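Report on one structure; see the data block that follows.
Nothing in this text is a laboratory measurement; each read-out follows from the coordinates by a stated rule. Owing to the predicted nature of the structure, the values given are computational and were not obtained by experimental measurement. With ideal geometry, Cβ positions are generated from the backbone for all residues, glycine too; neighbour counts draw on all protein chains shown.
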Amino acid sequence: MGKIRFYNAKILTMKDGSLIEGELWTDNDRISYIGPSCNNEESFEREIDCKGNTLMPGLKNAHTHSAMTFSRSLADDLSLNDWLFKAIFPREAKLTHEHIYWFTKLAYAEYLSGGITACFDMYPKRIESARAAVETGFRYVSCDDANDFGGMDLLEENYNKFNSYDPLVSYIYGFHAEYTTCLDNLKRVSELAHKYEAPVFAHISETKAEVEGCKERYGVTPAVLFDQLGIYDFGGGGFHCVWFTDEDMELFSKKGLWSVFNACSNLKLASGITPVYKFIEKDMNIAIGTDGAGSNNALSMFREMYLDTVLSNVLTDNAAAVDPFKILKAATTGGALCMGLNDCDVLESGKKADIIMIDMNRPSMQPENNIVRNIVYSGDNSIVKMTMIDGRILYEDGSFVSIDLDEVIRECNRLKKDLA
């Protein structure tokens, strides 16, 4: 790591929408200076001329299933229930530790090349995802996917194990969903949340049928049920939130819970459109995720941000329904806070050096009428010039520092035969 100086930069701190023109310094894993260019006597391991490019916090993928890269373009054109129970669950039952390791590494490569510096990953055999993260230098937050088919007996062990595994690795309680988790197991989750005063996350209100089924079983929506059971007493939230009622939104807003939406996946599976504009109107905490590559199929936060803005326009018949800065903030600051990465939310002296550089010389980034809107409306993975995590540059100008991409691709294509 050492000390690195970035100069001739535009710096989008995400504390507000303003730009700082000047330089940013890192000292090992932390940002040590942001401000105008100045004469200094500091000694740097490397000095990088940004040439007017933009530095900003890394994007945070706040809901994904990384190792599901195995199912990219393998289970398309299905509704959620058919996709999950007929195409995904049977194949997931065959996944070994080797599968998880290599297919997760493939996801990490896609994350790094797309400016993603952390993921909120819900997948089993998480020891391999954690190992791959430490080897790669990627920031990995595990959210458990326990349900009636397994995992409940490991929740507490996982909490203690992965919250002391490595500085790049952390863990937050979770379970798959209401429709795969019986009442006794939901109560078990609540007991652990109270024991450790910990937040809890789950898939929630992803489809209309899910919500109606929960009402038939318990008389309330999944969000209200979880709250009644005390699952949300110490925070947390839900993934998808497509079919939230006004009562659900008020609950999430009042309790400061996080709504993480996944536009591409929900559109592809015909699950519906999350009313992001309503969440913003109700001052809910929001973050953005890609979901897994089996239902997206790309792990691109740029596609997500674009859809989250324009779909709200369509739902409201209002071309200015959502401020693009609020969407970019959800994809950076919101994701970090949702995952408990409180030192990774903005660019500021003393914060973690999780930084990306946006190439302003790409045709899609010019002219520079409004950099934030350029990123949200016309950005894609090609505009990411550099990705730094914990003060280490891991991706730069198309090259990976910590991943042998040829090896990863070779191993994934070998292993995919097991799951065909």
Query raised in the report: If you take the charge dipole of segment 59-338 about its Cα centre, with +1 on Lys and Arg Cβ and -1 on Asp and Glu Cβ, which of Thr136, Gln228, Phe175 is farthest toward its positive end?
Result: Thr136
Query raised in the report: Modelled label-to-label distance, Ser378 and Lys161, 7 Å Cα→beta-carbon offset: nm?
Result: 4.9 nm
Query raised in the report: In Å and whole numbers, how far do the C-alpha atoms of segment 160-293 stretch along each principal axis, longest first?
Result: 38, 33, 28
Requested in this report: Could you grab the relative contact order for segment 59-338? Cα pairs under 8 Å, six or more apart, rounded to a whole percent.
Outcome: 21 percent
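Normalized C-alpha radius of gyration of segment 1-95, against 2.2 N^0.38 Å?
Taking the Cα Rg and dividing by 2.2 N^0.38 Å, one obtains 1.77.
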Query - Whole-number Å³ per residue for the convex hull built on Cα positions in segment 244-340 - result: 92 Å³
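Run through the DSSP bridge list for segment 59-338 and note the antiparallel percent, rounded to the nearest 5.
Details: 2 of 31 bridges.
If I count the DSSP bridges inside segment 59-338, around 5 percent turn out antiparallel.
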Report task. Mind grabbing the base-10 log of I(q)/I(0) for segment 59-338 at q = 0.11, 0.13 Å⁻¹? Debye formula, identical points on the C-alpha positions, no solvent, two decimal places. Result -> -0.56, -0.81
Query raised in the report: If each of Ala93 and Glu396 carries a label point 7 Å out from its Cα toward its Cβ, how far apart are those two points in nm?
Result: 4.8 nm
Report summary line: The FRET efficiency for Leu405 and Glu250, from their Cβ-Cβ distance with R0 = 56 Å and rounded to 0.05, is 0.75
**Report entry** Centre separation in Å (Cα based) which lies between segment 134-170 and segment 210-265
**Finding:** 23 Å
Query raised in the report: Could you work out Rg/(2.2 N^0.38 Å) for segment 18-169, with Rg from alpha carbons only?
Result: 1.33
Report summary line: Distance in Å, no decimals, from the C-alpha centre of segment 42-56 to the one of segment 353-420 is 18 Å
Report summary line: With 0.36 nm assigned to each residue of separation and the Cα-Cα distance removed, Asn39 to Lys417 gains 130.3 nm
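Set the bar at 31 Å for Cα to Cα. Now go through Lys15/Lys161; Lys268/Lys417; Lys161/Lys278 and name every pair that lies beyond it.
The answer is Lys15/Lys161; Lys161/Lys278.
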**Report entry** 20 Å Cα-Cα reach of Lys3 towards lysines, excluding residues that sit fewer than 8 places from it in its own chain
**Finding:** Lys51, Lys351, Lys352, Lys385
Report summary line: Here the alpha-carbon Rg of segment 218-282 over 2.2 N^0.38 Å rounds to 1.10
Report task. Please compute the net charge surrounding Thr274, taking Lys and Arg as +1 and Asp and Glu as -1 over other residues with Cβ under 15 Å from its Cβ. Result -> -2
